[in-house]
Amino acid sequence: MPCDDWRGKLDAYADGELSLPEMNALGDHMRRCADCSVQALQRVQLKRSVAVAGRRYEPSAEFRAKVTNSVNRKRDRGTGWFWKILVVPALLTLIFVAGLNYYVRGARAERQRVYSELADLHVATLASSTPVDVVSTDRHTVKPWFEGRIPFTFNLPELQGTDFSLLGGRVTYLAQVPGAHLIYRLRKHEISVFIFPDSGAPAAALSGAAEVRSFTFEDWAQNGLRYFVVGDVGGNDIEALSKLLRDAR
Amino acid sequence: MEVPDPRLPAANFADLALPLFDQLYNFAHWLTQDRHEAEDLVQETFAKGLRGFQSFQPGTNFRAWMFRILRNTFLTSRTGLKSTVPLEDDASETIPSGDLSPEDVLVEQANRDAVRQALNELSVPFREILLLCDVEEMSYEEIAQVLTIPPGTVMSRLHRARKALRTRLLEKSPGGVNAVR
Ligand SMILES: [Zn+2]
């Protein structure tokens, strides 16, 4: 193939759009033709310059918050509706229909408040110089460490074969109620697991997943305990760790 | 560890769209050349995306879908309507020949600002296709979806866009085109 024909393909070459045989053929040609290889190099350089120059404008923090909120508000509305369908039949015998909306709003506000507090605990703990009081990746060390320090026991999952690792734990408090705070790691992200007695935790009696600030939450009740999982990772990862904890024996 | 999300697709618009926020904003700002207009454009894109998410086909390219919404919204905006002039800088334009290529000038100057200025001066069709290809690193197929043009047109328009960009860069070299000759 003459040079002129190759010249027409240099853009596609720089853009990585040539088929493998074409790529190999052009490679062969360029080894013999200095002109074409210089031109190809120039295309690649130009492309790179545009890539650098083109990353130019950054959204303001206010605008980012505005759009994030507008998208997440819609999501909250969706889950709220779903939640009502599940719980309404059970509650109808207890409360007047007129009072229901108040209850829903109050419960959700309470839950948001608890989430917010736990997010603060998560951030403050990770920022401190000694995030954990018992440093161990071994659940068989961490679990007994809590005995005598908090008024309940719990099971921790085996993590072998997963991407999660345990960093350690500490005693924490939510509304003066002592509980366990465990820190796990997943791909350079730290995830907090909080465990409180269910009666003592001021959370409303609802479980589910949500996002507060930039954190993903999941919480549920199990064997008289309430679990909260918090982290700046996606819902799938939070869900995966939650499942491990739920299945722990 | 990835677990497939069993939740409803409606809950996932935010998960899919928010990671594109920075890219969409950058693209919007390049198109509108104005912060406030860019913000309006991005906001409208997210609102339209959220409303139309039911019609989005899972498994197809979500990023291309969002960029297409943004671009179509831009084209119907006041600034966008003004920008739909026919493609200038057409292939008839010749690049001055000489020992020094536009790319050499570029390397010599290492001047990001010159590239920015040159990009700014290009017509919207040329500017947008270069941003999609070089900044967003979209494939020709993806670009074709965003711009709703055939992949063959993507290739020829890109070629002309780069030619136009190189001409502008050359003009910006010290002394202008004549000095290069
Ligand atoms: Zn050649």
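The values are calculated or read from the model by the stated rules, or taken from the named source; none is laboratory data. Here the structure is a predicted model, which means the values were calculated and not measured. Neighbour counts are summed over all protein chains in view; Cβ atoms, including those assigned to glycine, are modelled from backbone coordinates with ideal geometry. Heads up: the accessible areas ignore ligands, DNA and RNA and are worked out on the full protein's heavy atoms, side chains in. Shrake-Rupley method; radii C 1.70, N 1.55, O 1.52, S 1.80 Å.
Output the relative contact order of region A:120-167, whole-number percent, from Cα pairs under 8 angstrom with separation of 6+ residues. Result for region A:120-167 is 36 percent.
Accessible surface of A:TYR173, taken over heavy atoms with a 1.4 Å probe and every protein chain present, rounds to 130 Å². Karplus-based coupling profile of region B:53-62, in residue order and whole Hz: 4, 4, 7, 6, 7, x, x, 8, 7, 5, with θ = phi - 60° in 6.51 cos²θ - 1.76 cosθ + 1.60 and x standing for Gly or Pro.
Ranking of B:GLU121, B:GLU136 by solvent-accessible surface, largest first: B:GLU121, B:GLU136 (1.4 Å probe, protein heavy atoms only, all chains present). Among the trypsin sites (Lys or Arg not before Pro) within region A:161-195, those in coil by DSSP and having at most 14 neighbouring Cβ atoms inside 10 Å are A:ARG187, A:LYS188. In order along region A:154-171, the Karplus-derived 3J(HN,Hα) couplings, from 6.51 cos²θ - 1.76 cosθ + 1.60 at θ = phi - 60°, round to 8, 9, 10, x, 6, 9, 4, x, 10, 8, 8, 9, 8, 9, x, x, 7, 7 Hz, and Gly and Pro are given as x. Taking amide H as placed 1.01 Å from N in the peptide plane, A:VAL233 has its amide H under 5 Å from the amide H of A:THR216, each at least 5 places away in sequence or on another chain. When A:MET1, A:MET23, A:MET30 are compared by accessible area at a 1.4 angstrom probe, the order from most to least is A:MET1, A:MET23, A:MET30. Our summary gives region A:3-54 a relative contact order of 43 percent, counting only alpha carbon pairs under 8 angstrom and 6 or more residues apart. Per residue of A:29-42, other chain Cβ atoms within 10 Å of the residue Cβ number 1 on average. Proximity of backbone amide H atoms, modeled 1.01 Å from N, is registered between A:ARG226 and A:PHE196, A:ASP198 at under 5 Å, excluding neighbours fewer than 5 places apart on the same chain. Across the protein chains, with a 1.4 Å probe defining accessible surface, the residues A:ILE183, B:ILE69 rank B:ILE69, A:ILE183 from largest area downward. Between the amide H of A:GLY168 and those of A:SER136, A:ILE183, distances stay under 5 Å, these residues lying 5 or more places away or on another chain, with hydrogens modeled in the peptide plane. Phi angles across region A:141-152 convert, under the Karplus curve 6.51 cos²θ - 1.76 cosθ + 1.60 with θ = phi - 60°, into 3J(HN,Hα) values of 8, 5, 4, x, 4, 6, 5, x, 9, 10, x, 7 Hz, Gly and Pro given as x.
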